[in-house]
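The values are calculated or read from the model by the stated rules, or taken from the named source; none is laboratory data. Worth saying up front: this structure is predicted, and the values here are computed from it rather than measured. Here the Cβ is made from the backbone with ideal geometry for all residues, glycine too, and neighbour counts use every protein chain on show.
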Amino acid sequence: MRATFAHGLWSSPDSGKAEWLRSHGWEVHALDMRKHGWDQASQTRVVLEAIDEMGPFDVLIGSSFGGLATANAAAQRPELDLRLVLLAPAFGYLDLLRADLGEAGMAAWEASGAHTFHPPGWEEPVVMPWSFVEAAKPLAWPSLPHPTAILHGSNDVVVPLSHSQKALDANPKATLTVVDDDHRLQASYADMKRLAEGLKNG
């Protein structure tokens, strides 16, 4: 199996998921999702470049914010034969930000032009400009024109399961598998592999 892997916002190409798939004989191209910037448009560009310059792939895999970027990139190539596995994708990202910061926090971010995040396990904070929010607005709920398997944990407190359910309702080519896991899906690597292989053979 030849695959891309798009990591989450606070993660890196050194993903445990990508390494696990490699240990099972896969050729996995783990993308540097911050190569062009932090915002969703920049990260979507990373996936588009992989599709256009390195494809074809058997499956495109994306986790959280990288799952959203993978979905957005594939939506811009509806004519291609693509298959997606999205791991707790960050659909509705603006709603996630509002839930985290509140309306007052979002207003303060817009007024000041920047907001400081302290990612878990990071030594240095990350300062995001308001343009990060603006870039997310048209890309929060991409269409899914290709066969797409969504994997989501029932105990996810980062991206609510309801966001994947909403995407499922709007996209007939998508399926949703719910597992007893959290946002990182560390207990569900075998499910990720099974879903990807099912799409390829499907």
Inset, instruction - Please indicate, with yes or no, whether at least one residue in segment 10-33 is more than 26 Å from Phe117 (Cβ to Cβ), surrounded by fewer than 21 Cβ atoms within 10 Å (Cβ to Cβ) and basic (Lys, Arg). - result: yes
Legend entry - In segment 83-117, the residues that are touching a Leu at 6+ places or on another chain (Cβ under 6 Å) and more than 23 Å from Val158 (Cβ to Cβ): Arg83
Inset, instruction - Determine whether Ala6 is touching a residue at least 24 places away in the same chain (Cβ under 8 Å) and crowded, with 24+ Cβ neighbours inside 10 Å. - result: yes
Inset, instruction - Considering only residues that are out of contact with any strand residue (DSSP E or B) (no Cβ under 8 Å at 6 or more places or on another chain), small (Gly, Ala, Ser) and in contact (Cβ under 8 Å) with a residue 12 or more places away in the chain, look in segment 80-111 and name the one that is surrounded by the most Cβ atoms within 10 Å (Cβ to Cβ). - result: Ala90
Legend entry - Qualifying residue in segment 38-55 (condition: among the aliphatic types (A, V, I, L, M), touching a strand residue (DSSP E or B) at 6+ places or on another chain (Cβ under 7 Å) and surrounded by fewer than 17 Cβ atoms within 10 Å (Cβ to Cβ)): yes
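Taking segment 151-184, which residues are aliphatic (A, V, I, L, M), over 18 Å from Leu60 (Cα atoms) and outside any loop (DSSP other than H, G, I, E, B)?
Listed by number, the residues that qualify are Leu161, Ala170, Val178, Val179.
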Legend entry - Residue among Ala99, Ala104, Ala187 that is under 29 Å from Phe57 (Cα atoms) and among the small types (Gly, Ala, Ser): Ala187
Inset, instruction - Run Pro142 past the list (1) in a loop (DSSP other than H, G, I, E, B); (2) closer than 14 Å to Leu87 by Cα and report the number of the one that doesn't hold. - result: (2)
Inset, instruction - Tally the residues that are touching a strand residue (DSSP E or B) at 6+ places or on another chain (Cβ under 7 Å) and either without any contact (Cβ under 8 Å) to a residue 24 or more places away in the chain or of a type in the set (Gly, Ala, Ser) (or both), restricting the search to segment 160-192. - result: 7
Inset, instruction - Could you please let me know if Ala140 is closer than 22 Å to Ser12 by Cβ, touching a helix residue (DSSP H, G or I) at 6+ places or on another chain (Cβ under 7 Å) and at pLDDT 95 or above? - result: no
Inset, instruction - Give the residues of segment 1-29 that are in contact with an Asp or Glu (Cβ under 7 Å, 6 or more places away or on another chain) and within 21 Å of Gln40 (Cα to Cα), sorted by residue number. - result: Ala3, Pro13
Inset, instruction - Answer with yes or no whether Glu27 is modelled with pLDDT of 95 or more and either within 24 Å of Tyr189 (Cβ to Cβ) or under 15 Å from the mean Cα position of the chain (by Cα) (or both). - result: yes
Inset, instruction - Please verify whether segment 43-61 includes one or more residues that are at pLDDT 95 or above, more than 23 Å from Gly198 (Cβ to Cβ) and among the polar types (S, T, N, Q). - result: yes
